[in-house]
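Trainee: Here it is: the structure, laid out below.
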Amino acid sequence: MEDIKKQLEIIKRGAVEIISEHALVEKLKRGKPLTIKAGFDPTAPDIHLGHTVLLRKLRHFQDLGHKVIFLIGDATALVGDPSGQTVARKVLSLDEVNKNAKTYEDQVEKILNVKDRNVFERRHNSEWFLQMVRGGKEEKPFNFPQFIDLAQKYTVARLLERDDFQKRLKENKPISFLELFYPLMQGYDSVRLKADVEIGGTDQKFNMLVGRDLQQAYGDEPQVVITMPLLVGTDGVQKMSKSYGNYIGINEPASEIYGKTMSIPDDVMFLYYELLTDVPLDEIEAMKKGIKDGTVHPKEAKSRLGIMLAEMYHSKEEAGKARDNFERLFKEKEIPEEIEEFTLAKSDLKEGKIWIAKLLSLIGLAASNSEARRLITQGGLKIDGKKFADPEAEIAVSDGMVIQSGKRNFIKLRLKAA
């Protein structure tokens, strides 16, 4: 195993907080592989780059000789994590959760070493909460006496301290018992798995700290908590999420990964470099400086990132083709590199669509709906490089869509939550 100083350098890359670094050092000093846990509730299908922030950190621990537990929260997904929620999450069916979980299991091997059982274990918390046999493992069921035992180890007052619940209480919004129980379920996962370290997004800090408390309550050594940033999506505003439509899926074609990466705002790409690649931090800083002093073009830096990500989840050949096709496509469309952006609220849309004339008026390419109609009728409108000729049509709007009026007027659409 690497020496402690080297391990810390790798572990701390991109991390927001370690609770506590001293405790982590003490665990590492023992010279034995640690058990590292990260949980993923399969509330939607497929893994996107936002998930890979945690998965890559797990891989760092694997490369250092530690054992990681990739925990699929198929039982907690039925309850719904209240983190960052202003209202209760939609309750999913077990069938929906299982279908989503299958996509996670199929895709995780693109990042983690899943073949070496010394450094990898896949678990489901349905094994103990729902007594479902997974991979030949049969855990003792989580029965009612255990529920009573767990419930008395934490107070409602402490659960209500979390910011999400405080906000809802002030706004007189309901909080279900299920939501109160969620942090206890996640914390109990750490007890059951005897985790030395738990990794999660910054929005999971409360839940992971509950895990520390419960481990102590059950007589175990508390886990170290490592929080990682929430990756900003392609819109540069919201966290990456399928519900916001600003995600890049690792199972998407190389052309999509490259193209979507090229659409991210310039100031976001360095976070992507730090969290999604192994490019040395001093090299990333040099790129930042180069862009600032004009010796490096932002498009070149972003293209390099896009190629790296496409190659990471596909192949070098496919990544190269994706770049070449992107360059050819945009050259043919004669779309300039620098385009003014307009942020469109999702409240302006109806089921993701908007009347094209209204859109042109909103973004300032036409003074009125009637002028927009004339522009379209006269053949002066292109959407993503293709002519658009129906002035009465409703169009589906996507983040990064380019609207062109005439030869020189371009607007790139950005979406944000209402």
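Trainee: Checking S20 against (1) in contact (Cβ under 8 Å) with a residue 60 or more places away in the chain; (2) buried (at least 17 other Cβ atoms within 10 Å of the Cβ); (3) closer than 18 Å to Q223 by Cβ: exactly one of these is not met. Which one?
Mentor: Result: S20 fails condition (2) only.
Trainee: Just to be sure, is V224 touching a Lys or Arg at 6+ places or on another chain (Cβ under 7 Å), of a type outside the set (D, E) and in the same structural domain as I69 (by TED's automatic domain parsing)?
Mentor: yes
Trainee: For residues that are under 34 Å from the mean Cα position of the chain (by Cα) and not in a loop (DSSP other than H, G, I, E, B), tally how many sit in the range 375-386.
Mentor: Counting residues in the range 375-386 that are under 34 Å from the mean Cα position of the chain (by Cα) and not in a loop (DSSP other than H, G, I, E, B) gives 3.
Trainee: Look at Q85 and say whether it is closer than 29 Å to I257 by Cα, among the polar types (S, T, N, Q) and either modelled with pLDDT of 90 or more or assigned to a strand (DSSP E or B) (or both).
Mentor: Judged against the criteria, Q85 is not a match.
Trainee: Oh, and also: Testing A372 on (1) surrounded by 12 or more Cβ atoms within 10 Å (Cβ to Cβ); (2) more than 20 Å from D348 (Cβ to Cβ); (3) more than 37 Å from the chain's Cα centre (by Cα), one condition comes back false. Which one is that?
Mentor: For A372, the failing item is (2).
Trainee: Filter the range 93-115 down to residues that are assigned to a loop (DSSP other than H, G, I, E, B) and under 13 Å from L58 (Cβ atoms), then give me how many there are.
Mentor: Total satisfying the criteria: 4.
Trainee: Do we have any residue at all in the range 255-272 that's out of contact with any His (no Cβ under 7 Å at 6 or more places or on another chain), aromatic (F, W, Y) and under 27 Å from N207 (Cβ atoms)?
Mentor: Just the residues of the range 255-272 that are out of contact with any His (no Cβ under 7 Å at 6 or more places or on another chain), to begin with: 255-272.
Next cut, aromatic (F, W, Y) only: 258, 270, 272.
Now narrow it down to the ones that are under 27 Å from N207 (Cβ atoms): 272.
Yes, that holds for at least one residue.
Trainee: Could you tell me whether the range 154-167 includes any residue that is out of contact with any Gly (no Cβ under 7 Å at 6 or more places or on another chain), aromatic (F, W, Y), in a helix (DSSP H, G or I) and farther than 28 Å from G50 by Cα?
Mentor: No, there is no match, as no residue in the range 154-167 is out of contact with any Gly (no Cβ under 7 Å at 6 or more places or on another chain), aromatic (F, W, Y), in a helix (DSSP H, G or I) and farther than 28 Å from G50 by Cα.
Trainee: Just to check your reading of the model, which residue among A357, A366, A389 is free of Cβ contacts under 8 Å to residues at least 40 places away in the same chain and either on the phi > 0 side of the Ramachandran plot or outside any loop (DSSP other than H, G, I, E, B) (or both)?
Mentor: None of the other options fit; the residue is A357.
Trainee: Let me ask something additional. Could you say which residue among G200, G259, G290, G236 is in contact with a helix residue (DSSP H, G or I) (Cβ under 9 Å, 6 or more places away or on another chain), small (G, A, S) and at pLDDT 95 or above?
Mentor: Result: G200 is the single residue among G200, G259, G290, G236 that is in contact with a helix residue (DSSP H, G or I) (Cβ under 9 Å, 6 or more places away or on another chain), small (G, A, S) and at pLDDT 95 or above.
Trainee: Are there any pairs, at least 6 apart or on different chains, whose C-beta atoms fall under 9 Å, with the first in the range 267-296 and farther than 23 Å from L58 by Cβ and without any contact (Cβ under 8 Å) to a residue 24 or more places away in the chain and the second assigned to a helix (DSSP H, G or I) and charged (D, E, K, R), and if so, which?
Mentor: Sorted first by the residue in the range 267-296, then by its partner, the pairs are M287/R304; T295/K289; V296/K288; V296/K289.
Trainee: Suppose we filter the range 281-295 for residues that are surrounded by fewer than 16 Cβ atoms within 10 Å (Cβ to Cβ) and either among the aliphatic types (A, V, I, L, M) or under 21 Å from A319 (Cα atoms) (or both); how many remain?
Mentor: 2
Trainee: Just to verify a result, which residue in the range 24-81, among those that are of a type in the set (G, A, S) and not in a loop (DSSP other than H, G, I, E, B), is surrounded by the fewest Cβ atoms within 10 Å (Cβ to Cβ)? Outline the logic, then answer.
Mentor: Taking the range 24-81 as the starting set, the residues that turn out to be of a type in the set (G, A, S) are 31, 38-39, 44, 50, 65, 73, 75, 77, 80.
Okay, now just the ones that are also not in a loop (DSSP other than H, G, I, E, B), so 38-39, 50, 77.
Numbers: A38: 24, G39: 28, G50: 22, A77: 26.
Within the range 24-81, the match that is surrounded by the fewest Cβ atoms within 10 Å (Cβ to Cβ) is G50.
Trainee: I'd like the full set of residues that are at pLDDT 85 or above and either farther than 13 Å from R414 by Cα or acidic (D, E) (or both), limited to the range 351-361.
Mentor: K353, I354, W355, I356, A357, K358, L360, S361
Trainee: Same structure again: Inside the range 163-185, can you point out the residues that are crowded, with 18+ Cβ neighbours inside 10 Å and either in contact with a Ser or Thr (Cβ under 6 Å, 6 or more places away or on another chain) or free of Cβ contacts under 8 Å to residues at least 24 places away in the same chain (or both)?
Mentor: M185
Trainee: To continue, here is another question. For the range 95-125, what are the residues that are more than 21 Å from the chain's Cα centre (by Cα) and at pLDDT below 90?
Mentor: Selection gives D95 alone.
The values are calculated or read from the model by the stated rules, or taken from the named source; none is laboratory data. From a predicted model like this one, the values you see are computed outputs, not experimental measurements. Please note: Cβ atoms are built from the backbone with ideal geometry, for glycine as well, and neighbour counts cover all protein chains shown.
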